[in-house]
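To keep things clear, I will list the structure first and then write my remarks on it.
The values are calculated or read from the model by the stated rules, or taken from the named source; none is laboratory data. Source: prediction; values computed, not measured. Cβ atoms come from the backbone with ideal geometry, glycine included; neighbour counts cover every protein chain shown. Ligands, DNA and RNA are stripped out before the accessible areas are found, and what is left, the full protein with its side chains, is counted by its heavy atoms. Shrake-Rupley method; radii C 1.70, N 1.55, O 1.52, S 1.80 Å.
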Amino acid sequence: MSEIPYSPGLEGVVATVTRISYLDVEHERILVRGYDLIELARHRSYPEVAYLLLYEALPTPEEATAFERQLVGHAELPDGAYRLLELLPKTTSVMDAVRTGLSFLAGYEDPHVLADPSRSANLAKGMRVLAKAPTLVANAYRALHGQSFVRPDGEGGFVDGFLRMILGTAPDPTARRVFDVILTCYIEHELPNSTFAARVIASTLSDLYGAVVGAAASLKGPLHGGANEAATQMLLEILQQGGAARAEAYVQEKLRQGERIMGFGHRVYMRRYDPRALLMREFLPALASRRPEGEELVRIHGVVERVMQREKGLYPNADYPAGLIYYLLGIPIELYTPIFLVARTAGLVAHVTEQHANNRLFRPRVLYEGPRGLRP
């Protein structure tokens, strides 16, 4: 094994060939089916970009309308799923509840369809998973907090319905637009841990639901999807300790103690600005007035960013501004990572479909450092 190179965390290792997306660091672009993701977020809706990921082309207006109609039509959960959510211990995290719910929903598929790895079967199942994910997320949170369930009402579109179920009221146009942009920014990102987990599971010819469940388990971790929650908690902690005037000293203390400042740096971008974070940051001034503490949180956000750039040469990733935007929109912190999962579901479906279409089982080796020659 000595001739096989070892790369901790598989850093720099190319694990698959894809036509889905690519982090073009040199040109500071995120390519999705050949398009710049930031341009897509600015000019296209989340459902349109989801259609692009699944069907490899942007939809015509008629196709977009039909696709969104399908999403809205499949949004309701079976009654058993609501009963399942009621049975979960109230100490369950929302991400764990969603993961459990996704696995439960697989049982409502025809067994032959569930096991079918063909493109057509995967896209049909993927449509149902994507459609039901917002309803599952919103009601998992409600069940765990003793609140009544909210059913999808079919009004508005996919994004409007999702935000309506989260907030309990119809979102205003600004909130709807900002939420759509964030979902689109999170829709696909090449081969992060969760997507890799999904492809590894899919490579065994396991079903699409199992692959998405595995991705959900991966995404829960604070070094991946959970970073948006941790970054927001940090901003609120600084607010409680004195606000923007305290921010620089707070960051300096954390760095001296060797602690990680969540929401900064990225394995691929390294010391460059995440293009998604740049786009999201544009919305902060307009949203700051939505909460009494909003203006001060935006100031704290800016101070922390400047200190991290000066002291560590690190720039924000998408999780840093996204968490603050969610907070300013009135979204509970526990829902930040589950929302990430909903957004990424379209990308996961695309990857599982691509993996099944040209499959090779993932089976890497190890660098063994244990003992040898022992006898029982």
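Taking a ≥ b ≥ c as the square roots of the Cα gyration tensor eigenvalues, with a/c under 1.5 meaning rounded and otherwise prolate when a/b beats b/c, else oblate, which class fits the stretch 115-183? Verdict is oblate for the stretch 115-183. Of the trypsin sites (Lys or Arg not before Pro) found in the stretch 258-330, those that fall in a DSSP loop while having at most 11 other beta-carbon atoms within 10 Å are R271.
Karplus-derived 3J(HN,Hα) values for the stretch 18-28, using 6.51 cos²θ - 1.76 cosθ + 1.60 with θ = phi - 60°, are 9, 10, 8, 7, 7, 8, 8, 5, 4, 9, 6 Hz; glycine and proline are entered as x.
The Kirkwood hydrodynamic radius of the stretch 235-305, based on inverse pair distances between different Cα atoms, is 13.3 Å. Over the chain, DSSP H runs of length four or greater, each weighted -39,500 (n - 2.57), average out per residue to a 222 nm ellipticity of -18000 deg cm²/dmol. Cross-link partners for K90 among the aspartates and glutamates, with Cα-Cα distance under 18 Å and sequence neighbours closer than 8 places in the same chain left out: E334. Legend: P(r) of the chain from all alpha carbon pair distances, 10 Å bins from 0, whole percents, reading 5, 23, 33, 25, 11, 3, 1, 0.
The convex hull drawn around the Cα atoms of the stretch 297-364, when projected onto a plane and averaged over every direction, covers 7.5 nm².
Over the stretch 168-213, all Cα pairs binned in 5 Å intervals from 0 give whole-percent P(r) values of 5, 19, 16, 15, 12, 11, 12, 7, 2, listed from short to long.
List the DSSP H helices in the chain whose Cα atoms stretch 30 Å or more along the helix axis and whose mean Kyte-Doolittle hydropathy is at least -1.0. Let's see the in-between values first.
On the way: long enough: 119-144 (36 Å, 0.19); 336-357 (32 Å, 0.52).
Result, helices passing both filters: 119-144, 336-357.
Expressed as a whole percent, the accessible area of the chain that falls on carbon and sulfur atoms is 52 (1.4 Å probe). Note on the stretch 117-149 and the stretch 230-277: Cα centroid distance 32 Å, given to the nearest whole angstrom.
The percentage of C-alpha pairs in the stretch 43-186 whose separation is greater than 20 Å is 51%.
Taking a virtual spin label 7 Å from the Cα of R365 along the C-beta vector, which residues in the stretch 4-19 bring their backbone nitrogen under 13 Å of it? Taking a point 7 Å out along Cα→Cβ of R365, the residues of the stretch 4-19 whose backbone N falls under 13 Å are 4-7.
Per residue, the chain exposes 47 Å² of solvent-accessible protein surface, assessed with a 1.4 angstrom probe and all protein chains in place. Remark: C-alpha extents of the stretch 209-357 on the principal axes read 54, 32, 24 Å, sorted largest to smallest. Considering the chain as a Gaussian network with a 10 Å cut-off on Cα pairs, which listed residue, E68, E248, E188, attains the greatest mean-square fluctuation? So, out of E68, E248, E188, the one fluctuating most is E248.
Of A50, A217, A286, the residue with the greatest mean-square motion in the GNM of the chain, using alpha carbon springs below 10 Å, is A286.
Amide H to amide H distances under 5 Å link R29 with D24, where only residues 5 or more positions off or on other chains count and H is placed in the peptide plane. Sorting 350-362, 20-32 by average packing, meaning the other beta carbons within 10 Å per residue, from highest down gives 350-362, 20-32.
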